[in-house]
Amino acid sequence: MASLRSRICIGAFAAGFTLTAFAQSMSPVGTWNTIDDETKKPKSLVRITEKDGVISGTVEKIVDPAKQDSKCDECSSDDPRKGKPVIGMTILTDLKKESDTVWSGGRILDPNNGKSYSAKVTVIEGGKKLEMRGSILFIGRTQTWIRVE
């Protein structure tokens with residue numbers, strides 16, 4: 001009987017661990033390789049964090065060594081990020097959970113052109129990829145980011 005109880009406890013623990021791991025993998029929280037639209041190669045690393053149910057993303061690294069000192073020179077003059085280094089910059093702000101795999105309602109800044117867009121992220125492929133949609137009204141683009149293991 002004790003061995004049956006042990007197996008049930010171990011099975012329940014394993015199931016709980018699996019569900020927790022699945023829930024974490026379906027979260028956008030983590031580090032992501034952004035992919036260049038033209039070259040299809042990694043462009044930067046963005047760390048997405050969550051606080052009080054709201055996610056944000058900060059640039060941790062720029063892959064191209066020649067762009068390590070990039071600044072948001074194109075940001076509007078009333079944006080506090082104007083002229084600031086891109087590395088360490090929060091570019092994704094104020095997204096809230098819409099469903100199990102979708103966060104929306106926030107903004108994303110493209111430091112290359114200084115423009116801010118409505119943002120929506122969708123976790124896909126079991127948490128391995130993230131669809132990042134930035135748009136103004138109905139016009140926008142979607143990038144696929146890849147989770148860093």
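Points worth noting:
- Dipole size of region 28-147 about its Cα centre, with +1 on Lys/Arg Cβ and -1 on Asp/Glu Cβ: approximately 160 debye, rounded to the nearest 20.
- Region 24-114: proportion of alpha-carbon pairs further apart than 17 angstrom, %: 52
- Take every pair of alpha-carbon atoms less than 8 Å apart whose residues are at least six positions apart; their mean separation over the length of region 37-104 yields a relative contact order of 29 percent.
- Here region 91-149 is treated as a sphere whose radius is the Kirkwood value from Cα pairs; by Stokes-Einstein at 4 °C and 1.567 mPa s it diffuses with a coefficient of 110 µm²/s.
Readers should treat all values here as calculations from the given coordinates under stated rules, not as data from a laboratory. Predicted model, so just to flag it, every value in this text is computed and none were measured. Reconstructed Cβ throughout: ideal geometry from the backbone, glycine too, with neighbour counts over all protein chains shown.
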